[in-house]
Amino acid sequence: MNLACPCICFSPFSIYLSFCLPFVVLDALSSRVAWIRRYKIQQKTSVSWRMIWSCLALSLYNHVMYIFPLSVLHWYWRPVSYTVTAPGLLRVIWDLFACLLLFDFQYFVWHLLHHKVPWLYRTFHKVHHKYTSTFALATEYSGAWETLSLGFFAAVNPMLLGVHPMTEMLFHMLNMWLSVEDHCGYDLPWATHRLVPFGLYGGAPHHDVHHQKFKSNYAPYFTHWDKLFGTLHSE
């Protein structure tokens with residue numbers, strides 16, 4: 001079966017909002033419910049509606065102006081052909097893991113450069129660091145260059161690795177969820193970093209420290225690159 005434009009079947013922006021929504025609810029309740037507040041990483045901070053609307057407006061602009069048009073062009077340029085049988089579960093898990101590892105490396109190098117080169121930081125990455133206390137809707141609070149370059153890595157990796165189109169869509173959804181979870185601002189008992197052993201996965205506490213300290217924890221998900229380069233900092 002050929003699908004010329006799978007992006008019509010689901011909206012990346014609506015999926016992004018659905019991933020953010022549970023954490024937005026936690027932000028709204030955390031000031032009044034103590035058991036929610038206890039899991040907040042920076043407990044003295046709060047998320048205002050002004051911050052929420054500011055992030056929503058920039059995210060919507062980026063999706064309308066860049067992500068949606070480029071997604072349409074991408075899927076028309078590279079039509080998707082689904083085979084009669086889907087890949088096995090183990091193959092899907094392996095391919096997802098490979099895509100994540102490759103993206104993690106690309107993001108680490110990109111991120112490190114944008115902090116070490118002052119011009120890159122001032123011109124492109126500083127926008128994302130407006131908020132030193134992370135919250136879910138700040139995940140996509142970034143300028144056009146950051147949105148496009150990181151989106152390019154995410155889009156090209158499944159092609160480089162030759163994964164099944166179904167796995168490719170699963171990777172985009174998983175990558176979006178993990179990115180939102182990284183910025184959620186909560187250290188929840190069921191978070192991904194608590195499920196992965198030996199501190200191999202950083203999660204929200206790892207990335208929240210980056211937004212506070214600016215000069216550590218550059219990898220988005222896993223911790224091995226920061227360990228190798230001596231940029232790992234735990235709080």
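The values are calculated or read from the model by the stated rules, or taken from the named source; none is laboratory data. Note that the structure is predicted; figures quoted are calculated from it, not measured. Every residue, glycine as well, gets a Cβ built from its backbone with ideal geometry; the counts of neighbours run over all protein chains shown. Only protein heavy atoms, including side chains, enter the accessible area calculation; ligands, DNA and RNA are left aside. Shrake-Rupley method; radii C 1.70, N 1.55, O 1.52, S 1.80 Å.
Of note:
- Folded to 0 to 90 degrees: helix 144-161 orientation relative to the chain principal axis, Cα: 50 degrees
- Amide H contacts under 5 Å for Phe222, placed H, 5+ residues apart: Gly202
- FRET efficiency for Leu120 and Ala34, using Cβ-Cβ distance with R0 set to 45 Å, rounded to 0.05: 0.60
- Principal-axis analysis of the Cα atoms of the chain puts helix 165-183 at an angle of about 10° to the longest axis.
- Helix 203-213 axis, angle to the chain major axis (alpha carbon atoms, nearest 10°): 60 degrees
- In nm, spacing of pseudo-spin labels at Lys213 and Phe105 (7 Å Cα→C-beta vector): 2.5 nm
- Charge dipole (the chain, unit charges on Cβ, about Cα centre) - positive-most of Ala28, Leu228, Phe124: Ala28
- Estimated Rh, the chain: Kirkwood, alpha-carbon pairs, angstrom: 18.6 Å
- The charge dipole of the range 103-235, taken about the Cα centre with unit charges on the Cβ atoms of Lys, Arg (+1) and Asp, Glu (-1), comes to about 440 debye, rounded to the nearest 20.
- Local net charge near Ser30, Cβ-Cβ under 12 Å (Lys/Arg +1, Asp/Glu -1): +4
- The residues of the chain have, on average, 53 Å² of accessible surface per residue, using a 1.4 Å probe with all protein chains present.
- Applying a DSSP loop filter and a limit of 13 other Cβ atoms within 10 Å to the GluC sites (Glu not before Pro) in the range 94-191 leaves nothing.
- Fraction of accessible area attributable to carbon and sulfur, the range 122-227 (%, probe 1.4 Å): 70 percent
- A simple count of charges around Tyr66, restricted to other residues whose Cβ falls under 12 Å of its Cβ and scoring Lys, Arg +1 and Asp, Glu -1, yields -2.
- For Tyr186, residues with placed amide H under 5 Å, excluding near neighbours: Ile41
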